[in-house]
Structures are given as structure tokens and as C-alpha cells.
């Protein structure tokens with residue numbers, strides 16, 4: 001066994017599933033082992049440790065803060081967030097904590113509604129960065145979109161602001177999650193993005209709405225099968241789909257839509273033909 005992972009394997013062996021006290025020791029050992037892996041083996045060894053242990057560490061933390069019988073212990077999860085905050089770059093625990101926060105945000109939205117999600121959890125997701133927290137953590141932050149409709153956090157406004165400031169990659173993830181949570185709101189957000197003069201992308205945003213017709217949940221956060229614990233179906237009604245086509249047809253040149261029709265799951269050609277500006281034919 002490589003020495004860099006010894007503290008972590010010991011902590012995992014000693015931990016009891018569901019025991020919150022053990023979570024803090026596992027997170028500390030994870031942080032130490034990842035740092036040692038980077039120092040001794042660089043990026044290659046770092047990725048090896050991540051792939052070997054990340055799933056197990058996330059599962060242990062998740063089991064301690066969220067149970068079917070007692071629900072989510074937000075206080076415990078907030079202690080983890082306070083100990084390992086986002087955007088600071090001095091620890092390696094965001095890949096674990098962000099994943100669990102994202103799961104709990106989605107669970108809460110589905111079971112209790114948007115307003116039951118603590119605002120601090122949403123601010124945490126919004127503050128995670130690729131540079132300071134890493135790709136594994138950043139991929140989970142799209143779950144911010146599940147809070148759409150929250151009375152204290154203006155999800156659509158905040159997302160548009162991030163797009164207009166150049167953070168379009170983050171916005172794509174949020175747009176996808178918004179659409180899974182509320183397809184009508186997803187179309188609203190897409191419309192605002194496409195109409196903004198400060199937003200560059202167009203079809204890449206449109207593509208984020210396609211998978212809603214195929215599955216009930218996005219692919220992130222990783223290592224989680226929400227279908228096994230949550231009863232949820234996305235209802236992309238015919239009216240919402242037609243409004244989506246209308247937004248796309250009104251915002252993107254018909255020549256561009258027809259050109260890329262075969263590459264997207266949404267019927268771009270019909271958007272151009274039925275809803276594009278009159279007189280702008282290919």
C-alpha cells in the first residue's frame with residue numbers, strides 16, 4: 001500500500017457508517033492523503049487516489065448526514081462546510097463536501113420544496129471554483145439550479161449575472177439542473193441567456209435542455225443514483241416544449257439552427273421553420 005494513502009485507509013477502516021464523529025477524522029485523513037499524493041507523485045498519483053477512494057469517502061460522509069429515517073442533518077453538514085470552506089485553495093475536501101451538499105439540495109427540493117433548502121448551502125455551491133476546489137467539486141455545483149423558486153435566493157438572476165460576467169461553463173450546469181427541477185423555469189432562463197447581449201454562447205445552452213426528455217435526474221453529482229431513493233419525474237409538457245422551440249427560433253438565426261439540427265436532441269429545424277423570423281430562409 002502506498003504510504004500517501006495510509007492515513008486515509010486507516011481512517012476508513014476505523015470509521016463506522018452513519019457515525020458523524022468519524023466523518024471529521026475521515027475528511028482530515030482525506031485532506032492529508034491527497035496533499036501527500038500531490039507532493040510525492042504529482043497529478044498522476046493524485047488522480048489514482050481520487051479514483052480509488054473518492055466514492056467511498058463521499059458515501060461515508062453522505063451516510064452520516066442524510067438518513068431515510070431522520071432526514072438531513074444540516075447542522076453537521078454545515079460544520080463540514082465551515083471546516084473546509086470553498087474558494088480558499090488550502091484543502092482538498094471540496095470534492096467530497098460539494099458532492100454531499102449537492103445531493104442534499106436535490107433531496108430537499110424534491111421532498112420539501114425549494115424554500116426548505118438552507119441559503120448557506122446554496123451560497124456554498126455558488127462559491128466553489130474550479131481553480132481552488134477542483135473539477136470534482138465544481139461539477140457538483142450545478143445543483144444550485146434545484147433551488148429555482150427559492151424565496152431568498154434569486155437563482156435565475158444570479159445565474160444570468162454569472163453568464164454575463166463570463167462564467168458560462170458554470171451556467172451551463174446550473175441551466176441543466178434548473179430544467180430538471182422546473183422545465184418552465186429552464187426555458188425562462190434559456191430565454192434570458194439568449195436575449196442578453198453580454199452572453200456569447202447559444203446552442204451549447206440549448207443542448208443542456210435536451211436530456212430532460214430522457215432521464216429524471218442529471219448525471220452529477222457523481223457516484224449517486226437518486227432514482228433509488230427519490231420518487232421524481234420531470235414533466236416536459238407539450239406546451240413547454242413548444243415554448244422552448246419558440247425561444248430558440250426567435251433568438252438564433254434559422255440558418256444556424258438548420259445547419260446544426262442533426263447534432264442536437266431538440267428539433268432545431270422545426271424551431272427555425274415554425275418560429276424563426278419571417279423572410280430569413282436558408
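Here are the numbers for this structure:
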quantity: Set 135, 139: member being free of Cβ contacts under 8 Å to residues at least 12 places away in the same chain and closer than 23 Å to residue 48 by Cα; calculated: 135
quantity: Among residues of the stretch 220-236, those that are under 18 Å from residue 179 (Cβ atoms) and loosely packed, with under 13 Cβ neighbours inside 10 Å, counted; calculated: 3
quantity: Subset tally (residues that are surrounded by fewer than 17 Cβ atoms within 10 Å (Cβ to Cβ) and either part of a loop (DSSP other than H, G, I, E, B) or without any contact (Cβ under 8 Å) to a residue 12 or more places away in the chain (or both)) for the stretch 237-258; calculated: 5
quantity: Lone unmet requirement of (1) modelled with pLDDT of 95 or more; (2) outside any loop (DSSP other than H, G, I, E, B); (3) within 22 Å of residue 66 (Cα to Cα) for residue 159; calculated: (3)
quantity: Scan of the stretch 164-201 for residues that are within 17 Å of the chain's Cα centre (by Cα), surrounded by fewer than 17 Cβ atoms within 10 Å (Cβ to Cβ) and assigned to a loop (DSSP other than H, G, I, E, B), ordered by number; calculated: 167
quantity: Residues satisfying the stated conditions in the stretch 270-282, i.e. surrounded by fewer than 16 Cβ atoms within 10 Å (Cβ to Cβ) and either in contact with a helix residue (DSSP H, G or I) (Cβ under 6 Å, 6 or more places away or on another chain) or at pLDDT 95 or above (or both); calculated: 274, 280, 282
quantity: Residues being over 15 Å from the mean Cα position of the chain (by Cα) and within 16 Å of residue 148 (Cβ to Cβ) - total across the stretch 119-128; calculated: 1
quantity: Filter result for the condition that a residue is farther than 26 Å from residue 130 by Cα, in contact (Cβ under 8 Å) with a residue 12 or more places away in the chain and out of contact with any helix residue (DSSP H, G or I) (no Cβ under 6 Å at 6 or more places or on another chain), over 107, 111; calculated: 111
quantity: Search result, residues across the stretch 139-154 that are surrounded by fewer than 24 Cβ atoms within 10 Å (Cβ to Cβ) and outside any loop (DSSP other than H, G, I, E, B); calculated: 139
quantity: Residue 74 vs. criteria touching a helix residue (DSSP H, G or I) at 6+ places or on another chain (Cβ under 9 Å), within 29 Å of residue 15 (Cβ to Cβ), buried (at least 17 other Cβ atoms within 10 Å of the Cβ) and modelled with pLDDT under 95; calculated: no
quantity: Count of residues meeting criterion [in contact with a strand residue (DSSP E or B) (Cβ under 8 Å, 6 or more places away or on another chain) and either outside any helix (DSSP H, G or I) or farther than 14 Å from residue 124 by Cβ (or both)] in the stretch 66-105; calculated: 3
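The values are calculated or read from the model by the stated rules, or taken from the named source; none is laboratory data. None of the values given here were measured: they were computed from a predicted structure. All Cβ positions, glycine included, derive from the backbone under ideal geometry; neighbour counts span all protein chains shown.
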